[in-house]
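Okay, structure first, notes after.
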Amino acid sequence: MSASQSQSLGTRAARGVVWTAGAAALQLGSLLVLYRVLPIASMGRFEYALILVMLVALVTNLGLNVALVQRREADDLDFDSSFWLSLAIGVVLCAAVLLAAPGLGALLGGEAPGEFERALRVQALILPSA
């Protein structure tokens, strides 16, 4: 294996770690901010909204990371395509959740649909980076 191939693999691994850790840090950061801003009583609605957003976040992955790991000769085009496709799907799903938030708030928000809707809207912003 040449030096350029090992650097490329190292660079790819570092990118993967940064993106994975970045998404986890963003999710944790949003939790900490909302626990600081919202009253503890409304955090139940927050947790419920988080479950919905995390289920939608699973769709943004599309299995592309597994496909890249299994492909022996993945090149920069493969990684770039995977990144941009995942980002585009995340933006589309974020917009869909933002548009559906009022209806989901009325349907799932219980006695405080506005609080559920606000929590869902804030958490939907995680989707493009998921």
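From a point 7 Å beyond the Cα of Val66 in the direction of its Cβ, which residues of the stretch 111-130 have a backbone N at a distance under 19 Å? Counting only backbone N, you get 130.
Against the chain, whose longest principal axis comes from its Cα atoms, helix 43-61 is set at around 30 degrees. Annotation: extensible slack from Ser8 through Met43 equals 8.2 nm (criterion: 0.36 nm per residue apart, minus Cα-Cα distance). Helix-only arithmetic for the chain: the sum of -39500 (n - 2.57) across DSSP H runs with n ≥ 4, divided by the residue total, places the mean residue ellipticity at 222 nm at -28500 deg cm²/dmol.
Once the Cα atoms are used to define both axes, helix 76-108 deviates from the longest principal axis of the chain by about 10 degrees.
Sequence-distant contacts, meaning Cα pairs under 8 Å at least 6 residues apart, place the relative contact order of the stretch 82-128 at 48 percent.
Ligands, DNA and RNA aside, Arg118 has an accessible area near 140 Å² when probed at 1.4 Å.
For the stretch 85-130, the Kirkwood hydrodynamic radius comes to 10.6 Å, computed from all pairs of different C-alpha atoms. From the Kirkwood radius over Cα pairs of the stretch 25-78, Stokes-Einstein at 10 °C and 1.306 mPa s returns a whole-number translational diffusion coefficient of 116 µm²/s. The alpha carbons of the chain stretch over 62, 26, 17 Å along the principal axes, in descending order. Along the axis of the charge dipole computed for the chain (Cβ charges of +1 for Lys and Arg, -1 for Asp and Glu, origin at the Cα centre), the listed residues Val33, Ala106, Val69 are led at the positive end by Val33. Taken along the Cα-to-beta-carbon direction at a fixed 7 Å, the label points for Ala95 and Leu107 span 2.1 nm.
Computed extension gain for Leu31 through Leu85, at 0.36 nm per residue and net of the alpha carbon distance, reaches 16.8 nm. Couplings for the stretch 25-31, taken from phi via the Karplus curve 6.51 cos²θ - 1.76 cosθ + 1.60 with θ = phi - 60°, read 5, 5, 5, 5, x, 5, 4 Hz in order; Gly and Pro are left as x. The Stokes-Einstein estimate for the stretch 51-120, based on a Kirkwood radius over Cα pairs and taken at 10 °C with 1.306 mPa s viscosity, is a diffusion coefficient of 115 µm²/s.
The values are calculated or read from the model by the stated rules, or taken from the named source; none is laboratory data. Predicted model only: the values in this text are computed from it and were never measured. For neighbour counting, all protein chains shown are included, and Cβ atoms are generated from backbone atoms with ideal geometry for every residue, glycine included. The protein model used for the area step is the full one, side chains on, heavy atoms only, and it has no ligands, DNA or RNA in it. Shrake-Rupley method; radii C 1.70, N 1.55, O 1.52, S 1.80 Å.
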